[in-house]
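Trainee: What follows is a single structure, and I will ask about it in a moment.
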Amino acid sequence: MSKKVIGLPGDGIGPEVYAQAVRVLKQLDEQFNLNIDLHEHQIGGAAIDLHGNPLPQETIDACRDADAILLGAIGGPKWEGLQGADRPEAGLLKIRKTFNLYANLRPVSLQESLSELSPLKKDRLVGVDMLIVRELTGGLYFGKKFREGDSATDTCTYSVSEIERITRLAFSIAKGRRNKVSSVDKANVMETSRLWRETVNRIHTQEFPEVDLEHVLVDACAMHLISKPSAFDVILTENLFGDILSDEASMLSGSLGVLPSASLSKQDPSQGIALYEPIHGSAPDIAGQGIANPAAMLLSVAMMLRHSLQHEESAALLEKAVFDSWNAGVFTADLSNENSVGSKAFTDSVLSNISRSV
Ligand SMILES: NC(=O)c1ccc[n+]([C@@H]2O[C@H](COP(=O)([O-])OP(=O)(O)OC[C@H]3O[C@@H](n4cnc5c(N)ncnc54)[C@H](O)[C@@H]3O)[C@@H](O)[C@H]2O)c1
């Protein structure tokens, strides 16, 4: 049976890295008979230009019976004057809410060949291998926002059931890793964080007592990510904290351009729709130059092959092909100033590593 994948290239460097993902997906499809049925639709600024809406109904309808969604990135200066639900970013928030994509998984590990390129000292980076589990459909991003006179308000709301489902997912994943969860909150100040901590403690005691649990305040976590990053295994946190901490953690690996992510609607991704995207944005400062690092996008494809298409062999081969390109000294400009290559040449190297290994 074919696997339906909806591609949403988006804006800025989104379509540039997405185009490289399609090249790789086509080659893997041929080599492994994956039977992928790929269709492209619009989201973000591109959708505003074409349909006057950052998430048109036809994109929603196309995604409804998909096995997976592959997204580039959205946003950019062209649409900066737009407000609220008219902004490109609103398309991304809406697709997460529409398909209940509540769990955003962001793996952060360090490839030896990138360790010299990280702004952190090499000895601090030994053993870095963490997974940030970010709650994606609640908190400040989805609370009521309003202006009154000269003040502005954003509301942060979490329910027990929203915290429970992301907590269960984080503990389940930790059992297959190094068995440790660091739950990050701001319980000394925020009521939602106090509910978060109570709920995490209850699920831990009742359902996952064998997993090590620590609670870390978000400010301390920001510091420990730099001072002792290898101490983390699974970081469980809410929407805003997860957004900020994962951009910080990306610097451990050398660049925002190397980190993939998966957003799941079900604990078992093969049972529900999931969306795969690089953690970076549309990078307007480098868009149109053909120099964006496609690695985060290609590693997002690998996550899609593994989790939604349940094809471990092609996923592992793709990851190895990306790492082998770095091992051979093939770097885009975000990772190296010397002899850097563009998005297409980097992907050429990945494609040749894939064909060589078969
Ligand atoms: N999921 C998404 O689509 C998403 C996420 C974050 C930001 N955005 C949007 O992207 C736009 C730009 O935001 P920003 O500049 O704060 O964040 P950004 O992630 O787009 O860029 C931050 C910096 O990282 C660099 N960078 C990012 N990805 C790169 C890659 N693959 N290769 C090389 N360099 C890369 C950029 O050149 C820039 O200097 C905004 O409109 C924002 O709303 C979208």
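Trainee: Could you check PRO119 against (1) within 20 Å of the chain's Cα centre (by Cα); (2) not in a helix (DSSP H, G or I) and say which number it fails?
Mentor: Evaluating PRO119 over (1) within 20 Å of the chain's Cα centre (by Cα); (2) not in a helix (DSSP H, G or I) leaves (1) as the failure.
Trainee: Would you tally the residues in the range 42-86 being within 12 Å of the ligand (Cβ to nearest atom) and either surrounded by fewer than 23 Cβ atoms within 10 Å (Cβ to Cβ) or part of a helix (DSSP H, G or I) (or both)? Lay out the reasoning, then the answer.
Mentor: Start the filter on the range 42-86 by keeping residues that are within 12 Å of the ligand (Cβ to nearest atom), which leaves 43-46, 54, 71-80, 82.
Still in the list and also either surrounded by fewer than 23 Cβ atoms within 10 Å (Cβ to Cβ) or part of a helix (DSSP H, G or I) (or both): 45-46, 76-80, 82.
Here the count works out to 8.
Residue-by-condition table, conditions (1) within 14 Å of the ligand (Cβ to nearest atom); (2) crowded, with 22+ Cβ neighbours inside 10 Å:
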site	(1), (2)
GLN206	no, no
PRO209	no, no
LEU252	no, yes
ALA287	yes, no
ALA295	yes, yes
GLN310	no, no
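Trainee: Among the numbered conditions (1) within 14 Å of the ligand (Cβ to nearest atom); (2) free of Cβ contacts under 8 Å to residues at least 24 places away in the same chain; (3) charged (D, E, K, R), tell me where ASP11 comes up short.
Mentor: It is condition (2) that ASP11 fails.
Trainee: A follow-up question, please. Would you check if there is a residue in the range 157-178 being in contact (Cβ under 8 Å) with a residue 60 or more places away in the chain, hydroxyl-bearing (Ser, Thr, Tyr), within 16 Å of the ligand (Cβ to nearest atom) and in contact with a Leu (Cβ under 8 Å, 6 or more places away or on another chain)?
Mentor: Checked against the condition, which is being in contact (Cβ under 8 Å) with a residue 60 or more places away in the chain, hydroxyl-bearing (Ser, Thr, Tyr), within 16 Å of the ligand (Cβ to nearest atom) and in contact with a Leu (Cβ under 8 Å, 6 or more places away or on another chain), the range 157-178 yields no hits at all.
Trainee: Being under 19 Å from ASN337 (Cα atoms) and assigned to a loop (DSSP other than H, G, I, E, B) is the filter here; which residues of the range 89-116 pass it? Show your work before the answer.
Mentor: Let us first name the residues in the range 89-116 that are under 19 Å from ASN337 (Cα atoms), namely 111-116.
Passing the criteria: GLN111, SER115, GLU116.
Trainee: Please give the number of the condition HIS280 fails out of (1) assigned by TED's automatic domain parsing to the domain that holds VAL181; (2) crowded, with 20+ Cβ neighbours inside 10 Å; (3) at pLDDT below 95.
Mentor: Failing condition for HIS280: (1).
The values are calculated or read from the model by the stated rules, or taken from the named source; none is laboratory data. All values reported here derive from a predicted model rather than from experimental measurement. Neighbour counts run over all protein chains shown; Cβ positions are idealised from the backbone, glycine included.
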